[in-house]
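Working notes for the structure below.
The values are calculated or read from the model by the stated rules, or taken from the named source; none is laboratory data. Because the structure is predicted, anything quoted here is derived from the model rather than measured. Heads up, the Cβs are rebuilt from the backbone with ideal geometry, glycines too, and the neighbour counts pull from every protein chain shown.
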Amino acid sequence: MSKQIRLEVANEFILSGCSVKTVLKSCFIARSSYYYKATLGKSGRKPYTVFLNAEGDQIEGHQVVEALKELFEKPFVDYGYYKSYIYLRDELSFKVSKHSVYKLMKESGLLQSRYAVSSKRGKRNWVKDLIPQTQIPFDYWEFDIKYVWVAGKRKSMQVLTVLDVNSRWNLGQYCAYTIKKEDVISLFDSLFESYDLPKGICVRSDNGSQFIATEVQEYFRDKQVKQEFTKPATPQQDAHIEAYHSIMESCVCQRFEFNDLKEARKTLAEFRNFYNFERIHGGIAFQSPYKYLLKNDINMKELTQMKTKICAYSL
């Protein structure tokens, strides 16, 4: 019996419902010689079409879109589709897929461009590790200054921010038109007094004149805090604070126009609160710094006295 005849016989049995493997073995046909007949329709997995709310009831796609629009009405939310999916899954307990969230956001015009153009205009201890070697919350800090345009005064103010690398928690910030070395020391004094900190803290910054000042370096030595500096033209060595500045640029600087320093301070204080307690962070398993610290048995909401101190100073 020729191979072609054997294939035809095998195909009849397979179409009648017999096992492909059994039929091919009985007809002495190699699996590589038999090809399945292509089915009609588009290939690949069928897209998800069912959405469920927290109660398990089926909802329509437009209800998911409405929930996302309500999320995006918050002043500092700039999520893409994946963090929006995390929000729907974890905060609203919706049963959705990331693929369907992407499709809904694309169809509804909710996807944002990642390349938005901004509307605004002694001896040092060099870092030895590209990425800070953090082990526990609050053991490794990065700090830096970002310029923010104040349209009402037609000049820029400076924002000094201190960020915990492990939890991404914004420890504190100071805003002024000019920040001097004395302001850096004052902010860190406030942080050291307000937080219950581990031993062996390390702080990292670039080579700003306020940070390399002899008085600042001596201050950290007296506090038994290791201070290290990134090498010139290597922003990747303090990538966490640079990422924070990028978020601030997207969520605040490109969305708000300030009349004066007081208004800018108020908005940045609100943003800091949102960032710490609500904003989803990919670097800490898609949760907020508050939730991350809570899983490490640190409840920042219970530390009301500390939070009041830091917020008061940041204003």
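All of Thr134, Thr178 fail the test of being in a loop (DSSP other than H, G, I, E, B), of a type in the set (Ser, Thr, Tyr) and not assigned by TED's automatic domain parsing to the domain that holds Ala264, apart from Thr134. Considering Gln135, Gln112, the condition of being among the polar types (S, T, N, Q) and modelled with pLDDT of 90 or more is satisfied by Gln135 alone. Give region 1-25 a look and list any residue that's among the charged types (D, E, K, R) and within 57 Å of the chain's Cα centre (by Cα), or say none. Matches in region 1-25: Glu12, Lys21, Lys25. Within region 201-223, identify whether any single residue is buried (at least 19 other Cβ atoms within 10 Å of the Cβ) and of a type in the set (Gly, Ala, Ser), and answer yes or no. The answer is yes; a qualifying residue exists. For region 291-313, the count of residues that are more than 19 Å from Leu171 (Cβ to Cβ), assigned to a helix (DSSP H, G or I) and modelled with pLDDT under 95 is zero. Scanning region 255-287 for residues that are part of a loop (DSSP other than H, G, I, E, B) and more than 13 Å from the chain's Cα centre (by Cα) gives Arg255, Phe256, Glu257, Phe258, Asn259, Asp260.
Scanning region 140-181 for residues that are out of contact with any strand residue (DSSP E or B) (no Cβ under 7 Å at 6 or more places or on another chain) and either surrounded by fewer than 18 Cβ atoms within 10 Å (Cβ to Cβ) or of a type outside the set (Phe, Trp, Tyr) (or both) returns Ala151, Gly152, Lys153, Arg154, Lys155, Ser167, Lys180, Lys181.
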